[in-house]
Amino acid sequence: MNPYRNGPPPKWWAPKLNPSVVKWSRPFRDRMQWKRQRLKDVKVEGVEHLRDAYRDGCGIMITPNHASHADPFAMYAAGDAVPCPLHFMATWHVFTAQGRLGQWALQRIGVFSVDREGADLQAFKAAVKIMQESRYPLVIFPEGEIYHCNARLTPFREGTATIALTAARRAKRRIVCIPTAIKYRYLDDPTDDLLTVMSKLEAHIHWRPKASTPLPKRIYAFAEAVLTLKEIEYLGTIGHGDLPQRVKQLADEILTTIEQRHDYSKPTATVPERIKEVRSRILEKLSDHPEIYAETGPAKQLNEDLDDIFFVSQLFSYPGDYVSQDPSVERMAETIDKFEEDVLQLPTAQIRGVRTASVSFGEPVEVESSKRSKTAVANLTQLLESRVQGLLDSC
């Protein structure tokens, strides 16, 4: 996973979608799609679901899985198939990674910023307004982070459903959510590259590369070695159980300790929800310290807590049985991608080879404005998650 700067966003970048800029920028986007992601083409299935809702003038939210840095390119290609431009809600870090021209361009091709870890009312209101009034669909990735698990969803955050339900209560038109699955496959066999990177990873922890061992076994041996080091660091001992159990136990132990330090406890919440809440509390405390990156005093402990929370996010991205369940080249590549980012600390994983993507739109889920029950957000979140996973399973 990509580490990002802690603290509040420097500003808010509002939605300023310009359909002409989206159209004119298509050749540039196509070049970047190939150059940065080696994504040869994008096949779109079920486009009639999006096209019909768009033709009928509905307020549309598209809810894809988020497994790759190539996902925005895939979604722009899907929009071209309708054709219609799209709004995108994206973390503010996407904007700070750009210069002023890049920020201007992002806004014109439909992107606006959100502070995922705070109560970003500006972004929330903008998203609701788009759903109420805009001709053009809104794309939100409900997983939030890129977890590099293209065949298996992580829990959807509830903010997506909250936006949809709020819009449905206020809008004078139908509001629909369209579950969407993005799936990638390699056209080139990246095995030779994976073996090379695996040897670098093993050398990084002072192991002799295990060239004669099958790649899936090398992946699991490496994962267990790194996990053991982190267990000793945080717990002082090696965990018990299989790999998925040990990953879960370590993440929960670290997260519970930090939650207790910041007076928060909601063990029934998902790990991403717990991370978001406690991170928000820490950032609020940090705002009281003028030197938020100080190496001594209260700010030091707060920043260490933020580092540990990010490590929990990394742990959460490893199900522990992802490769053993299906040792496909795609799953092995995704896992090694994560190792590169998490262990070798690359900003983003290397491109493995030429890929193709499929974008599958499911049947629209109509959001009923009359539903005000306490479980409405949770129910819609679970429904969208199950629909997207079903689409992934059938890809």
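The values are calculated or read from the model by the stated rules, or taken from the named source; none is laboratory data. Keep in mind it's a predicted model, so treat the numbers as computed, not measured. Cβ atoms come from the backbone with ideal geometry, glycine included; neighbour counts cover every protein chain shown.
Residues in the stretch 127-142 that are surrounded by fewer than 22 Cβ atoms within 10 Å (Cβ to Cβ) and out of contact with any Cys (no Cβ under 9 Å at 6 or more places or on another chain): LYS129, GLN132, GLU133, SER134.
To keep it simple, each residue is scored yes or no on (1) surrounded by 15 or more Cβ atoms within 10 Å (Cβ to Cβ); (2) at pLDDT 95 or above; (3) in a helix (DSSP H, G or I); (4) hydroxyl-bearing (Ser, Thr, Tyr).
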{"residue": "ALA164", "(1), (2), (3), (4)": "yes, yes, yes, no"}
{"residue": "CYS177", "(1), (2), (3), (4)": "yes, yes, no, no"}
{"residue": "THR180", "(1), (2), (3), (4)": "yes, yes, no, yes"}
{"residue": "LYS183", "(1), (2), (3), (4)": "yes, yes, no, no"}
{"residue": "MET198", "(1), (2), (3), (4)": "yes, yes, yes, no"}
{"residue": "LEU201", "(1), (2), (3), (4)": "yes, yes, yes, no"}
{"residue": "PRO209", "(1), (2), (3), (4)": "yes, no, no, no"}
{"residue": "SER212", "(1), (2), (3), (4)": "no, no, no, yes"}
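Based on what the data block shows, is LYS266 among the basic types (Lys, Arg), crowded, with 17+ Cβ neighbours inside 10 Å and either under 30 Å from GLU385 (Cβ atoms) or touching a residue at least 12 places away in the same chain (Cβ under 8 Å) (or both)? In short, no.
Residues in the stretch 242-264 that are part of a loop (DSSP other than H, G, I, E, B) and under 17 Å from ILE232 (Cα atoms): 1 in all. Considering every residue within the stretch 195-204, establish whether at least one is over 19 Å from CYS149 (Cα atoms), among the charged types (D, E, K, R) and outside the structural domain of ALA53 (by TED's automatic domain parsing). Checking the stretch 195-204: at least one residue is over 19 Å from CYS149 (Cα atoms), among the charged types (D, E, K, R) and outside the structural domain of ALA53 (by TED's automatic domain parsing).
Kindly indicate whether ASP71 is within 18 Å of the chain's Cα centre (by Cα) and at pLDDT 95 or above.
Numbers: within 18 Å of the chain's Cα centre (by Cα): yes; at pLDDT 95 or above: yes.
Considered against the rule, which asks whether it is within 18 Å of the chain's Cα centre (by Cα) and at pLDDT 95 or above, ASP71 comes out as yes.
Here GLU202 fulfils each of the conditions (1) without any contact (Cβ under 8 Å) to a residue 24 or more places away in the chain; (2) over 13 Å from ILE336 (Cβ atoms); (3) not basic (Lys, Arg) apart from (2).
The criterion of at least 1 residues that are closer than 27 Å to ALA168 by Cα is met by the following helices (runs of 4 or more DSSP H) wholly inside the stretch 4-115: 19-24, 47-55, 71-80, 100-108. Applying the condition of being more than 12 Å from the chain's Cα centre (by Cα) and under 15 Å from PRO179 (Cβ atoms) to the stretch 59-68 and asking which residue is surrounded by the fewest Cβ atoms within 10 Å (Cβ to Cβ) yields ILE62.
Determine, yes or no, whether PRO319 is of a type outside the set (A, V, I, L, M), in contact (Cβ under 8 Å) with a residue 24 or more places away in the chain, in contact with a Pro (Cβ under 7 Å, 6 or more places away or on another chain) and surrounded by fewer than 20 Cβ atoms within 10 Å (Cβ to Cβ). Yes: the conditions hold for PRO319.
Sort out which residues of the stretch 128-180 are under 14 Å from VAL114 (Cα atoms) and without any contact (Cβ under 8 Å) to a residue 40 or more places away in the chain, and write them in order of number. Answer for the stretch 128-180, where residues must be under 14 Å from VAL114 (Cα atoms) and without any contact (Cβ under 8 Å) to a residue 40 or more places away in the chain: just GLY159.
So if I check each of GLU259, GLU284, GLU231, which one is assigned by TED's automatic domain parsing to the domain that holds VAL323, at pLDDT 95 or above and under 29 Å from GLU117 (Cα atoms)? If you could, list the steps in order and put the result at the bottom.
Working: GLU259 fails: at pLDDT 95 or above; GLU284 fails: at pLDDT 95 or above.
One residue alone meets the criteria, GLU231.
Of the residues that make up the stretch 93-101, is at least one closer than 15 Å to PHE141 by Cβ and touching a residue at least 12 places away in the same chain (Cβ under 8 Å)?
yes
Table: residues versus (1) touching a Phe, Trp or Tyr at 6+ places or on another chain (Cβ under 7 Å); (2) crowded, with 22+ Cβ neighbours inside 10 Å; (3) among the aliphatic types (A, V, I, L, M).
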| site | (1), (2), (3) |
| --- | --- |
| GLY102 | no, no, no |
| VAL111 | yes, yes, yes |
| ASN150 | yes, yes, no |
| GLU158 | no, no, no |
| ALA161 | no, yes, yes |
